[in-house]
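Each remark here refers to the structure printed beneath this line.
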Amino acid sequence: MEKGPFSVEWLAQSSHGGAQPTTTIATRQPHSPPGSTSSQESPAALGDPGHEAEAGSGPVPGRPRTKFSAAQLQELERSFREQRYIGASEKRRLAAVLNLSQSQIKTWFQNRRMKFKRQTQDAR
């Protein structure tokens, strides 16, 4: 392969002052602080406990799926019937009352709005 001005080899050599390119390139993740790097290898390949990958299992989710209790669902549904879009104060209140994170509340409302949209479209 030719080492043109925009080939991977050329870029690796020019960024290392002509040194041989390395096989693993560390990149900064979009939401990580500046200066932190992440290898392109998966956590399972690095031997990270709790991230054992099975063959063909696909990507490893960031966190396990939340199982809402019946009481939590009842309160979330009640709040959804009152208002489809949740405000910051109501989100904080629900998170405290239901012992969930605000992001879980926000995600539940987003998913519930999509479910409502599908139901109304199917009814037509």
Radius 12 Å from Cβ of GLN102, net charge of other residues (Lys, Arg +1; Asp, Glu -1): +3
5 angstrom amide H check on PHE68, placed H, neighbours 5+ away: none
Computed lengthening from ASN99 to ASP122, 0.36 nm per intervening residue step minus Cα-Cα distance: 4.9 nm
Charge dipole of region 68-123 about the Cα centre (unit charges at C-beta), most positive-ward option of ALA95, PHE116, ALA71: PHE116
Cβ-placed point charges (K, R +1; D, E -1), dipole of region 68-123 about Cα centre in debye, nearest 20: 180
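Every read-out reported here was derived from the displayed coordinates using simple, explicitly stated rules and does not represent laboratory data. Computed from a predicted model, the values in this text were never measured in an experiment. In this analysis, Cβ positions are derived from the backbone assuming ideal geometry, glycine residues included, and neighbour counts consider all displayed protein chains.
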